[in-house]
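The values are calculated or read from the model by the stated rules, or taken from the named source; none is laboratory data. Just so it is clear, the structure is predicted and the values come from calculations on it, not from any experiment. Cβ: placed from backbone, ideal geometry, glycine included. Neighbour counts: every protein chain shown. For accessibility, only protein heavy atoms count, side chains too; no ligands or nucleic acids. Shrake-Rupley method; radii C 1.70, N 1.55, O 1.52, S 1.80 Å.
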Amino acid sequence: MPMTSGEIRKKFLEFFKARGHAVVVSSSLIPDDPSVLLTTAGMQQFKPYYSNPSAADADFGSRNTASAQKCFRTSDIDEVGDESHLTFFEMLGNFSFGGYFKKEAIRYAHEFLTKEMGIKISYVTIFEGKESIGVPKDEESRSIWQSLGVVDIREESMDDVFWGPTGLGGPCGPTTEIYCKNAAGQDIEVWNLVFNEFFFPGPRDDLLRGNAKLAELSQKGIDTGMGLERLAMISQNKKNIFETDLFAPLIQTIVIPRADKNTERAKRIIADHIRASAFLISDGVRPSNKGVGYILRRLMRRVLVYGAGDTSLLHRIGEQYGDFYPELRNNKENITNVAVEEYTKFSRAMKRGLDELEKSDRIDAKKAFQLYESYGLPYEVIKDFRQSIDVTREQFDKEFIKHQEISRAGAEKKFGGHGLILDTGELKAGTEEEVKIVTRLHTATHLLQAALRKVLGEEVHQMGSDITSERTRFDFSFPRKVTPAELKEVEGIVNDVLKKDYTVDRQVMSYEEAAKLGALHFFKEKYPKEVSVYTVRNKATGEVFSRELCGGPHVTHTDEIGEFKILKEESSSAGVRRIRATVG
Ligand code: GLY
């Protein structure tokens, strides 16, 4: 009998525990690092320890850790449905912050795969070196692999075998990857071992452009990542990840009512999207037109369009993963409620949208966006349901951004038949008078976020916001209740800014510039080249109080806002707090 995925996960963690690693639970899919939208790797929650290893002794009682981490990569969303791509996946990893380096890391990986799992390594890769960043060919890894009897060792470049940094900077270094054969005889990259030798204080793109100065970390570190789905495929001797026990039982229960769409591809998309949705919702994400919420909305709508929008599939995910990820079990009701609400909201518009899609001869960027705006059909749905369309995702995204700019100016538009004159997803107003109120509340919401970060720390970041003429509602990541004294302090800071009449400026700049200025942002992956940044500044001293990437609208002076009052602080979901507040 092959091992189940649950057994594999357990075996991995026990293997490293027996070798002096502290097993750490998965962090949320919404990372503490505000410069990254979602958690894409196991190392993210450990980033600070690479520069400060002694903190690991204090936090984990060890400089070596291991985890099974929930990850989400939006870059693969258009590929989902083939044999190997996923949005959500689980990453097994072992990490060391100055505890051990290449020799031990490669030996552990070799021992785990070949001895514990009984898997044959097909080949491995090593870094070929790059002079311009001062990193030589990784001969050390080559000789370690050779000493273990591995003969097929291939040299690869920066694109493939140099990891990091993530976000706006951090640890990075060369990697060695391990490939094994699946049942179809394909070589699959199973495990990536990263040797964090360097620290780079900027985004990866800067490093790739070569205008880089790599600083050596005072203590070298290890960061490895192995997709559980791929490991299960190899270990269970399957041809693709969907044949493993992680997916096969789920896929068997999926029936797509539209006969023409009842394909393997559609079932895989649904299986992936349902699983990802359940995990996102249980980490506090809610469908919206922005940021992570927009990603969730697209996943859920695609599922509904295929006719798989009953909640039984979500329940199955809760049952399948609830033992290892209790947040899924604990949020069972939240998950169902969010799904029912989103499905109900979308289902009527969807039917009309699909009819319209069928009737349209030619789908260009404008038409595709109109189908999204009027009926909520995401780009990928339009693509799934039409053989050929004349629009790429980039063109669609451009329309999307153009539209956000228009609604920022308060142009009249209707969305979903609400008769609203302003609806950016975040701000909603029915009359000109309401537009003025929500604009004031919007600026106040930026001030609230900045004040929360001053009082509670940088771990606070936006998880959602919803502004009506009655109030602003702001959700943010924070692990505990905010005390009344802290709330008073936050309120006091905001009111101080309002009294002092700070200025609010809008500037258009590149995403990189905005990131470098430290602008807070809620939505990363799909930013256009040019973004708008709102800065609230003390006129007298020039001090920046708040800076966020945002579509607006905002007031120009904070004294237009009136008095700020926090009405309520409560839990929104696991690790997420919610504040309601008013102005005036
Ligand atoms: N951080 C290593 C990986 O994701 O491959």
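Residue 470 sits among other residues whose Cβ lies under 11 Å from its own Cβ, and their net charge, with Lys and Arg +1 and Asp and Glu -1, is +2.
What segment 161-206 shows is 26 Å² of accessible area per residue, with the surface traced by a 1.4 Å probe over protein heavy atoms. Amide H to amide H distances under 5 Å link residue 501 with 559, where only residues 5 or more positions off or on other chains count and H is placed in the peptide plane. To the nearest 10 degrees, how steep is helix 332-359 against the longest Cα principal axis of the chain, on a 0 to 90 scale? Approximately 80 degrees, to the nearest ten. Counting only Cβ charges, +1 for Lys and Arg and -1 for Asp and Glu, the dipole size of the chain around its Cα centre is about 920 debye.
Take 270-279, 97-106, 498-507, 150-159 and order them by the average number of nearby Cβ atoms within 10 Å per residue, most first; the result is 270-279, 97-106, 498-507, 150-159.
If R0 equals 51 Å, the separation of the Cβ atoms of residue 237 and residue 501 corresponds to a calculated FRET efficiency of about 0.15. Using a cut-off of 24 Å between Cα atoms, the listed pairs 47/239; 428/516; 402/436; 402/565; 137/181; 290/516 include 47/239; 428/516; 402/565; 137/181 as exceeding that distance.
Of the whole protein surface, residue 375 contributes about 40 Å² of accessible area at a 1.4 Å probe radius.
Cross-link partners of residue 568 among lysines, defined as those whose alpha carbon lies under 17 angstrom from its own and excluding same-chain residues fewer than eight positions apart: 481, 488. In the chain, the longest principal axis of the Cα atoms and the axis of helix 484-500 are about 60 degrees apart.
Residue 341 sits with roughly 120 Å² accessible to a 1.4 Å probe, with DNA, RNA and ligands left out of the calculation. Across the chain, C-alpha contacts under 8 Å between residues 6 or more apart give a mean separation that, scaled by the residue count, equals a relative contact order of 11 percent.
For segment 86-215, carbon and sulfur atoms together expose 46% of the accessible surface, with a 1.4 angstrom probe and every protein chain in place.
The dipole here belongs to segment 84-135: it is taken about the Cα centre, uses +1 on the Cβ of Lys and Arg and -1 on the Cβ of Asp and Glu, and is about 140 debye.
Ligands, DNA and RNA aside, residue 91 has an accessible area near 20 Å² when probed at 1.4 Å.
When the scattering of the chain is computed by the Debye formula from its Cα atoms alone, each counted once and equally, what is log10 I(q)/I(0) at q = 0.09, 0.10, 0.13 Å⁻¹? Per q value, in the given order, log10 I(q)/I(0) is -0.75, -0.93, -1.48.
Each Lys or Arg adds one and each Asp or Glu subtracts one; over the other residues with Cβ under 15 Å from the Cβ of residue 142, this totals -3. For residue 170, the amide hydrogen comes within under 5 Å of the amide hydrogens of 200, 202, counting only partners 5 or more places away or on other chains and with H modelled in the peptide plane.
Helix 432-456 axis versus longest C-alpha principal axis of the chain: approximately 40°, rounded to the nearest ten.
Dividing the summed -39500 (n - 2.57) terms of all DSSP H runs of n ≥ 4 by the residue count of the chain sets its mean residue ellipticity at 222 nm at -11500 deg cm²/dmol.
Ordered by 1.4 Å accessible area with all protein chains kept, 315, 446 run largest first as 315, 446.
Rounded to the nearest whole Hz, the Karplus-based 3J(HN,Hα) values (6.51 cos²θ - 1.76 cosθ + 1.60, θ = phi - 60°) of segment 53-69 follow the sequence x, 5, 5, 5, 4, 5, 7, 10, x, 6, 8, 10, 9, 9, 7, 10, 10, with x at glycine and proline.
Between the amide H of residue 214 and any residue lying 5 or more places away or on another chain, no distance stays under 5 Å, with hydrogens modeled in the peptide plane.
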